[in-house]
Amino acid sequence: MDTTKLSKMLYGGDYNPEQWDSGVWPEDMRMLRLAGMDIATVNVFSWAMLQPNESTYSFETLDQIMDMLHENGIYACLATSTGAHPAWMARQFPDVLRTDFDGRKRKFGGRHNSCPNSPSYRTFSERIASKLAERYKDHPALLLWHVSNEYGGECYCENCAAAFRVWLKRKYVTLDKLNEQWNTRFWGHTFYDWEEIVLPSGLSEQWAANRTNFQGISLDYARFNSDGMLDCYKLEYEAIKAVTPDIPVTTNLMGTYKQLDYFKWAKHMDIISWDNYPAADTPVSYTAMTHDLMRGLKGGAPFLLMEQTPSQQNWQAYNSLKRPGVMRLWSYQAVAHGADSIMFFQLRRSVGACEKYHGALIEHVGHEHTRVFRECAQLGAELGQLGDKLLGSRTPSKVAIMYDWENRWAIEYSSGPSVALQYLNEIHKYYDALYQLGIQADIISFEDELQGYDVVLAPVMYMVKPGMTPRIEAYVKGGGSFVTTFFSGIVNENDIVTLGGYPGELRELLGIWAEEIDALFPDQTNRLIMKDTYGTLQGEYSCSLLCDLIHTEGADVIAEYGDDFYAGMPALTRNSFGSGEAWYVATSPDASFLQGFLGSLCAERGIEPLPGKQPGVEVASRDKDGHSYLFVMNHNPNAVTVEFDQNYGVDLLTGQPASGPATVAGRGVMIIEASS
C-alpha cells in the first residue's frame, strides 16, 4: 500500500453502526476522534442490509456511514460484506449452503457458511462487490477495500466434489498419473473413471481431521479447498480492481490458520492484513513469530494489523482481561515486527449475540471514562507523535526460517511416526531460540530466494518440492549455512516417498542417510552428547519426540545420542558443501541446546543480537531511509534495566536519550531512533 498519502500510522478498527440507532453515531464519532483514530472497517457483515432480496439493492444506510466517516476525518476500510450470505439466499439458492465433514447439509446460520464452489454464491458475491465499487469508487473516505472476512472452513457437497474432479484433471491430466501419484494400488483403490473419485471426508477416506487412509487425496483436497476459496476472493478482487485499479485490496488473514495456503493467497493481495488474537498464556515469541510470518508473505513488506481486541475476547473458555499496559505493549509488538497499522475489533461493543462480550473501545457503559478507552487514547496520542517515521520501514534480517502450508498438511496427515509431531511446534522451537537470543528472523516460503541470508533454517522439511534441492544446494555452495532436521527430505510434493534412503534428494547435500526413525513417548527423552565443544555448546542436552538413526557419508559428527540401542550414533552433523555448510539435527533438542547451537552458528557468521535483550524483554528493529529504529518491549510485569552503548539514540516515545543503563517499566516500551 502506498503510504505516502498518510501522515501517520493507521489507527482504528471494525465499526458496525448499522447495528445501532443512528442517534448514537455522532457520539461514536466524537469518541473515535478523542481516541486519535483515523480509520474504520465498515460493512463487514451487511450483505442482508444491502440486498434484501435477489433483485433489490439498498445503499442508503451505507451512504450515510461513508459520508459520516469523511465528515469526521476518518478513512473507510470498506468491506464487501460477503462473509455471511443473507437468509433469503439460503432459502432460494440452497447450493450456497455447505455440507460438513460427516455429509450433513447445513441450514442457514453462523458465518463462513457459504460453499466456495456454489455457482449462486460466486455470482452474487461478485455482483455485490462490483456494485459497491461502482457506487463508492470516488468517495473521499475510501482508502482500502476489504474482501469478505476471515476466509476459512471446508465444504463436502456435490458441487465441491465435481469441482475437485475438474481441479484434479488440470493437475494430473490422466487417471494413470493420478493413480501413480496417489499410490492407489494400495488397498485396491485404482480409479478407472474420474466420476469414481469422491471427496476425502468422514464418509470415505478420513475418520478425523488429521487421520486419513490416503495422504495423497487428502493433501490434494486441502490444496483444492484453499484454491477454491482463493478463487472466490479473486472474483471479488477483480470486480473491484476493474472499477478502482488504484485502491489497494486486502482480506484479513488469521496468522498460522491451517486450512489456507497464505503464501499462495499473498500473490493476489495488494497488502497483507491479519487478525491477532493470542490467549493470555500464548508465548509472546509465538505471537512475534506469527507477525513475522505475515510480514514474510510478501517478501518482508509491511502488513496491516487489521484486528486485535482492546481488552478481552469472547470465544475462549476463560476470557481474561488484558492487564494494564498489555494492549499497548502487544500493539507495539505488531509494529516492531512490520505492522503499519493498529486496529481493533471492535470500536463499539455489540448489544446482542455472540460478540456482545468481546472487548471494544466503547464499552456498554457508553462513555470514555474507562480504563480501556484511556489506554487506547494514550496509544492514539503516541501514534500521532510518531507521525510517519515508521511507515513503510523494513525489518533487516540475516536469518530465515522456511515455512510451508503444504508441508504442514502432509506432516499432520501422515500415519506416523508420532501423533505428537506438530510442524508449528517445531518451527516455533527454532524461532523461539532466536527470539530469546535477540536475533531477528524472516519467515519465508519454500519458493523464496535464499541468497542474502547468512543462515537458513528448515525444520522438519518433510516434503521436498520440485526445484527446491538445486536452489538449496546453490545457496550452500555459495557460502550459506543451511540447517534442517529429523523427518526431512522424506517425500515429494504428492507425499510419495523418495526411495534410496532418507533424506532423499537432500542426501548428498547433508552427507548422511537415515535408516530408521524412533518415536519417543511423551515421557521419554534421550541425550544429545557433544563430541567436542561447538561455540557455547558443550556437555550433554536432552532431546525428545523423534530420533533419526543416521549414518554419515562425509558429514562431520558434532554430537551423538547418549542412550538406547543407538547410543553413539550421530545426532548432530555438519557437512561442508562448496563454500558453505549443511547441518542436520536428527532429533528435537531442548531449548538450551537450540539457543547454544543457533547462537554459536550466528556468531560464526557475524550475526549479533540486538541491544537491550534481557529475560522477558523482546527486541526488534525496523529500518527506513538510512535510519534504524530499535524496539525494546518489556513483557515482564516489573521494571527491568537494559544496557545500551553510550549515546546509542533517542527514545521517540519520551524524547529521552538512550545511553548506558536504562529502566524499562513493567510492560513498557522504548522505540529508539539510533544515532547515525
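The values are calculated or read from the model by the stated rules, or taken from the named source; none is laboratory data. Quick caveat, the model's predicted, so the values are computed rather than measured. Cβ placement follows ideal geometry from the backbone for every residue including glycine, while neighbour counts extend to all protein chains displayed.
Tell me yes or no: at least one residue of segment 326-338 is in a loop (DSSP other than H, G, I, E, B) and surrounded by fewer than 22 Cβ atoms within 10 Å (Cβ to Cβ). It would help to see each step written out before you state the result.
Pass one, segment 326-338, residues in a loop (DSSP other than H, G, I, E, B): 337-338.
This time we only want the ones that are surrounded by fewer than 22 Cβ atoms within 10 Å (Cβ to Cβ), so: none.
Taking every residue of segment 326-338 in turn, none turns out to be in a loop (DSSP other than H, G, I, E, B) and surrounded by fewer than 22 Cβ atoms within 10 Å (Cβ to Cβ).
Quick check, is LEU219 in contact with a His (Cβ under 9 Å, 6 or more places away or on another chain), in a helix (DSSP H, G or I) and modelled with pLDDT of 95 or more? Step through it out loud before you land on a result.
Details: in contact with a His (Cβ under 9 Å, 6 or more places away or on another chain): no; in a helix (DSSP H, G or I): yes; modelled with pLDDT of 95 or more: yes.
No, not satisfied.
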Every pair of residues 6+ apart whose Cβ atoms lie under 8 Å, when the first sits in segment 362-379 and is assigned by TED's automatic domain parsing to the domain that holds THR309 while the second is surrounded by fewer than 18 Cβ atoms within 10 Å (Cβ to Cβ) and of a type in the set (A, V, I, L, M): HIS364/VAL351; GLU368/LEU34; GLU368/ALA377; ALA377/LEU34
Selected residue (criterion: surrounded by the most Cβ atoms within 10 Å (Cβ to Cβ)) from residues of segment 613-640 that are among the small types (Gly, Ala, Ser) and over 14 Å from ALA336 (Cα atoms): GLY616
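Could you tell me whether ARG165 is closer than 16 Å to ILE217 by Cα, out of contact with any strand residue (DSSP E or B) (no Cβ under 9 Å at 6 or more places or on another chain) and surrounded by 15 or more Cβ atoms within 10 Å (Cβ to Cβ)?
Taking the combined requirement at face value, the residue satisfies it.
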Scan of segment 133-161 for residues that are part of a helix (DSSP H, G or I), under 29 Å from the mean Cα position of the chain (by Cα) and closer than 27 Å to ASP270 by Cβ, ordered by number: ALA133
Any chance ALA301 is surrounded by fewer than 23 Cβ atoms within 10 Å (Cβ to Cβ), modelled with pLDDT of 95 or more, not aromatic (Phe, Trp, Tyr) and not in a strand (DSSP E or B): yes
Qualifying residue in segment 392-401 (condition: more than 30 Å from GLN595 (Cα to Cα) and touching a residue at least 12 places away in the same chain (Cβ under 8 Å)): yes
From ASP95, ASP100, residue being under 15 Å from GLU158 (Cα atoms) and under 26 Å from the mean Cα position of the chain (by Cα): ASP100
Pairs with Cβ under 6 Å, 6+ apart, first in segment 438-450 and among the acidic types (Asp, Glu), second part of a loop (DSSP other than H, G, I, E, B): ASP442/SER397
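Restricting to segment 168-182, and then to whatever is buried (at least 17 other Cβ atoms within 10 Å of the Cβ) and out of contact with any Ser or Thr (no Cβ under 6 Å at 6 or more places or on another chain), can you tell me which residue is farthest from SER414 (Cα to Cα)?
Applying the first criterion (buried (at least 17 other Cβ atoms within 10 Å of the Cβ)) to segment 168-182 yields 168, 172, 175, 178-179, 181-182.
Checking which are out of contact with any Ser or Thr (no Cβ under 6 Å at 6 or more places or on another chain) leaves us with 168, 172, 175, 178, 181-182.
On the way: LEU168: 21, TYR172: 22, LEU175: 24, LEU178: 19, GLN181: 16, TRP182: 14 Å.
Here the residue is LEU175.
If you check TYR561 against the conditions, is it in contact with a helix residue (DSSP H, G or I) (Cβ under 6 Å, 6 or more places away or on another chain), of a type in the set (Phe, Trp, Tyr) and under 26 Å from SER576 (Cβ atoms)? Even if it seems obvious, please write down each step before you answer.
Working: in contact with a helix residue (DSSP H, G or I) (Cβ under 6 Å, 6 or more places away or on another chain): no; of a type in the set (Phe, Trp, Tyr): yes; under 26 Å from SER576 (Cβ atoms): yes.
For TYR561, the condition - in contact with a helix residue (DSSP H, G or I) (Cβ under 6 Å, 6 or more places away or on another chain), of a type in the set (Phe, Trp, Tyr) and under 26 Å from SER576 (Cβ atoms) - is not met.
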Residue identified as among the charged types (D, E, K, R) and touching a strand residue (DSSP E or B) at 6+ places or on another chain (Cβ under 7 Å) among GLU205, GLU238, GLU196: GLU205
Per-region count, segment 391-422, residues surrounded by fewer than 19 Cβ atoms within 10 Å (Cβ to Cβ) and of a type in the set (Ser, Thr, Tyr): 2
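Just checking: which of the strands (runs of 3 or more DSSP E) contained wholly in segment 569-676 hold 2 or more residues that are among the hydroxyl-bearing types (Ser, Thr, Tyr)?
Details: elements: 570-577, 580-585, 587-589, 617-624, 627-634, 640-651, 657-664, 669-674.
Hits in segment 569-676: 570-577, 587-589, 627-634, 640-651, 657-664.
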Index of the failed condition, LEU549 passing every other in (1) touching a residue at least 60 places away in the same chain (Cβ under 8 Å); (2) aliphatic (A, V, I, L, M); (3) within 24 Å of LEU598 (Cα to Cα): (1)
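Let me confirm something: among ASP95, ASP102, which residue is closer than 30 Å to GLU205 by Cα, outside any helix (DSSP H, G or I) and in contact (Cβ under 8 Å) with a residue 40 or more places away in the chain? Working first, answer last.
Values: ASP95 fails: outside any helix (DSSP H, G or I).
Matching residue, one of ASP95, ASP102: ASP102.
Taking the conditions exactly as written (under 25 Å from GLY216 (Cα atoms) and modelled with pLDDT under 95), does GLY489 satisfy them or not?
When the stated conditions are applied, GLY489 does not pass them.
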Unmet requirement for ILE558, which otherwise passes all of (1) assigned to a strand (DSSP E or B); (2) within 29 Å of the chain's Cα centre (by Cα): (2)
Which listed residue is small (Gly, Ala, Ser) and free of Cβ contacts under 8 Å to residues at least 40 places away in the same chain, from SER46, SER7: SER46
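Every residue, every condition in (1) in contact with a strand residue (DSSP E or B) (Cβ under 8 Å, 6 or more places away or on another chain); (2) among the polar types (S, T, N, Q); (3) surrounded by fewer than 21 Cβ atoms within 10 Å (Cβ to Cβ); (4) modelled with pLDDT of 95 or more, yes or no:
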residue	(1), (2), (3), (4)
LEU510	yes, no, no, yes
LYS531	yes, no, yes, yes
GLY539	yes, no, yes, yes
SER544	yes, yes, yes, yes
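Go over the candidates ASP227, ASP281, ASP231 one by one and state the one that is of a type in the set (D, E, K, R) and in the same structural domain as SER350 (by TED's automatic domain parsing).
Working: ASP227 fails: in the same structural domain as SER350 (by TED's automatic domain parsing); ASP231 fails: in the same structural domain as SER350 (by TED's automatic domain parsing).
It is ASP281.
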Count of segment 176-212 residues which are in a loop (DSSP other than H, G, I, E, B) and in contact with an Asp or Glu (Cβ under 6 Å, 6 or more places away or on another chain): 2
Failed item in (1) assigned to a loop (DSSP other than H, G, I, E, B); (2) under 22 Å from ASP432 (Cα atoms); (3) in contact with a helix residue (DSSP H, G or I) (Cβ under 6 Å, 6 or more places away or on another chain); (4) not aliphatic (A, V, I, L, M), with SER285 passing the rest: (1)
Residue match in segment 131-144 (condition: under 16 Å from ASP231 (Cβ atoms) and either polar (S, T, N, Q) or touching a Phe, Trp or Tyr at 6+ places or on another chain (Cβ under 6 Å) (or both)): no
Identity of the residue in segment 239-257, without any contact (Cβ under 8 Å) to a residue 40 or more places away in the chain and on the phi < 0 side of the Ramachandran plot, that ends up surrounded by the most Cβ atoms within 10 Å (Cβ to Cβ): LYS241
When residues of segment 258-298 are limited to those that are over 18 Å from TYR431 (Cβ atoms) and of a type in the set (S, T, N, Q), the one surrounded by the most Cβ atoms within 10 Å (Cβ to Cβ): SER273
